[in-house]
Amino acid sequence: MAKSKHDQALNCISEAIRVYELYPDEMEDKVVELLELKGDTLCELNDYDTAISTFQDCVELLDPSDKADDSSDAPSVVYDERVARLNHKMGHAFAKLDEYEDALDSYREAISVYSNVSGKDDLKVGQVMYDAGQLIVSQGGDDISEKAPKYFDEIIRIYSLHGKDKDTKVADALVQKSTILVDSSEYDEATSMLEKALDTYKESLGDNAVEIGNAMLLYGRIHEAQGNNDDAMSAFDEALRIFQISLGEDDIKV
């Protein structure tokens, strides 16, 4: 795997799983570990269907309900951080296959389990919220204004609690919220959020990052909608300069 020879790695992992499965009582944790690794390797090979199936097998091994006898008080769902992590990975894989609803369901399950294990303010909850929000935006349609804002609000809140309010994920969330506000003609609040995002991008990524170009493009649209044509032209010129430097003259953004 260190040499990116994922086909050979997959063969080794599959054989290791076969052997460990011969000793289910002693080696179940090892099988879980290797199944997750197998799923990761399948994702590297762009075999997302099989990766999802592998991650699901892993989750089932971590669920004690099938192993509990009738007298057991074991819960039907195990709140294990590994279950959350596996659902997060399944969300990524479903998203790659454009399975929007399945991806969102997996992200929601990851958020639920992480929240039960570590609390709703845990940074890992914010990380899954980020991916769920980005998924909703990529899908388009009414879901953006109806579902996305709560995810972006939580990203900003959770990251700020951990002193990470200057993280680029927070800046991304601010830009997405600004976009939604612009669609509602709430230009002042959108501008305030966009300025915070621009400060973070410049501090973290430098002056010529594509993210800054995207933000300046939105900034220009805000000015244009308000009739500030000189400011709009200035923002569009800056976005164009950044896209030409970072993406090249032939890019669609240019």
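With the structure loaded, tell me whether Gly141 is among the small types (Gly, Ala, Ser) and assigned to a loop (DSSP other than H, G, I, E, B) or whether it fails that test.
So Gly141 fits the description; yes.
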ask   = Since Lys177 meets every condition but one in (1) basic (Lys, Arg); (2) over 25 Å from Gln127 (Cβ atoms); (3) in a helix (DSSP H, G or I), which condition does it not meet?
value = (2)
message = Looking for something exposed (fewer than 15 other Cβ atoms within 10 Å of the Cβ) and modelled with pLDDT of 95 or more - is there at least one such residue anywhere in the range 67-85?
response = no
query = Of the residues that make up the range 91-110, is at least one among the basic types (Lys, Arg) and either modelled with pLDDT under 95 or open to solvent by less than 50 Å² (accessible area, probe 1.4 Å) (or both)?
reply = no
request  = Take the range 199-213 and flag every residue that is at pLDDT 95 or above and either under 16 Å from Ser234 (Cβ atoms) or touching a strand residue (DSSP E or B) at 6+ places or on another chain (Cβ under 9 Å) (or both).
outcome  = Ile212, Gly213
Index of the failed condition, Asp165 passing every other in (1) outside any helix (DSSP H, G or I); (2) under 22 Å from Glu101 (Cβ atoms); (3) among the acidic types (Asp, Glu) = (2)
ask   = If you take the residues of the range 194-221 that are in contact with a Ser or Thr (Cβ under 9 Å, 6 or more places away or on another chain) and outside any helix (DSSP H, G or I), which of them is least open to solvent (accessible area, probe 1.4 Å)?
value = Ala209
ask   = Of all residues in the range 14-57, which are aliphatic (A, V, I, L, M), crowded, with 17+ Cβ neighbours inside 10 Å and in contact (Cβ under 8 Å) with a residue 24 or more places away in the chain?
value = Val31, Val32, Leu35, Leu37, Leu42, Ala51, Ile52
query = For Thr191, are the conditions met, namely being in a helix (DSSP H, G or I), open to solvent by 20 Å² or more (accessible area, probe 1.4 Å) and farther than 27 Å from Arg82 by Cβ?
reply = yes
ask   = Does the range 171-182 contain any residue that is under 21 Å from Ser234 (Cβ atoms), hydroxyl-bearing (Ser, Thr, Tyr) and surrounded by fewer than 18 Cβ atoms within 10 Å (Cβ to Cβ)?
value = no
key: Cβ-Cβ under 7 Å pairs, at least 6 apart or on other chains, the range 224-242 side open to solvent by less than 80 Å² (accessible area, probe 1.4 Å), far side of a type in the set (A, V, I, L, M) and not in a helix (DSSP H, G or I)   = Leu240/Val254
query = Quick one: would you say Asn11 is open to solvent by 30 Å² or more (accessible area, probe 1.4 Å), at pLDDT 95 or above and not in a helix (DSSP H, G or I)?
reply = no
request  = May I ask you to list the residues in the range 223-254 that are under 27 Å from the mean Cα position of the chain (by Cα) and assigned to a helix (DSSP H, G or I)?
outcome  = Ala239, Ile242, Phe243, Ser246, Leu247
query = Yes or no: Gly119 farther than 30 Å from Ala225 by Cα, of a type outside the set (S, T, N, Q) and either modelled with pLDDT under 95 or in contact with a Lys or Arg (Cβ under 6 Å, 6 or more places away or on another chain) (or both)?
reply = yes
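The values are calculated or read from the model by the stated rules, or taken from the named source; none is laboratory data. Note that the structure is a prediction, hence the values are computed from the model and not measured. So basically every Cβ, Gly included, is an ideal-geometry build from the backbone, and we count neighbours across all protein chains shown. Just so you know, the surface numbers come from the protein's heavy atoms only, side chains and all, with ligands and any DNA or RNA stripped out. Shrake-Rupley method; radii C 1.70, N 1.55, O 1.52, S 1.80 Å.
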